[in-house]
Amino acid sequence: MTQLLALAVEAARKGEVPIAAAIIDANGVVLARAHNEVEARRDATAHAELLVIQEACRMRGEKYLGDCTLYVTLEPCAMCAQAASLVKIRSLVFGAYDPKGGGVEHGARVFAQPTCHHAPEVIGGMMEAECGALLKDFFAKKR
């Protein structure tokens, strides 16, 4: 998560919302890491989670990542949580909780829905204070 915080800081310097993600396989190998690229790509779906899921699937030549863990600095939104479910991520670890836009512990609660085909193990709050402070500082400077 410390490495992801540094990547999120880089995103903020580029004018992106400072969120970063990584996918790590069962052997501890980092398959992909990225930060949000919504502004750079002019694509509202260019969230860090989607970028790493796409890259990890490309690297492996597979559509499922069932032995992998998705790490992200902020609770994923409903779109990213659904994507994690679709690729059968084994576990999700996130930093700050997102009461406004989160889709795991808040909002849609994607993994708790009866229509969810795969729910990963979820661990929230890893380095929560640091991840949350980065986002708060970023938005305070925007105002």
Local electrostatic count, E105, Cβ distance below 14 Å [Lys/Arg +1, Asp/Glu -1]: -2
Taking only Cα atoms, what is the 0 to 90° angle, nearest 10, from helix 2-13's long axis to the longest principal axis of the chain? 50 degrees
Using Cα centres only, tell me the gap between the range 96-116 and the range 72-86 in whole Å. 9 Å
Using a cut-off of 10 Å between beta-carbons, work out the net charge of the residues near I89 (Lys and Arg +1, Asp and Glu -1, I89 not included). -1
Output the antiparallel fraction of DSSP beta bridges having both residues in the chain, as a percent to the nearest 5. 50 percent
Full extension from V30 to R109: what is 0.36 nm times the residue separation minus their Cα-Cα distance, to one decimal in nm? 25.7 nm
Once Rh for the range 1-101 is found with the Kirkwood sum over Cα pairs, what is the Stokes-Einstein diffusion coefficient at 25 °C and 0.890 mPa s, in µm²/s? 185 µm²/s
Mean Cβ count within 10 Å, highest first, over the residues of peptides 11-18, 109-116, 78-85: 78-85, 11-18, 109-116
Relative to the longest principal Cα axis of the chain, at what angle does helix 48-60 sit, 0 to 90 degrees, rounded to 10? 40 degrees
What accessible area per residue comes out for the chain, rounded to a whole number of Å², with a 1.4 Å probe? 52 Å²
Of the accessible area of the range 1-141, with the probe set at 1.4 angstrom, what percent is carbon plus sulfur? 53 percent
Cut-off under 28 Å on the C-alpha distance; same-chain residues fewer than 8 positions from K136 excluded. Which lysines are left, in chain and number order? K14, K100
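The values are calculated or read from the model by the stated rules, or taken from the named source; none is laboratory data. Every value quoted in this text rests on a predicted model; they were computed, and no experiment measured them. Neighbour counts run over all protein chains shown; Cβ positions are idealised from the backbone, glycine included. The area values use the complete protein model at the heavy-atom level, side chains included, leaving out ligands, DNA and RNA. Shrake-Rupley method; radii C 1.70, N 1.55, O 1.52, S 1.80 Å.
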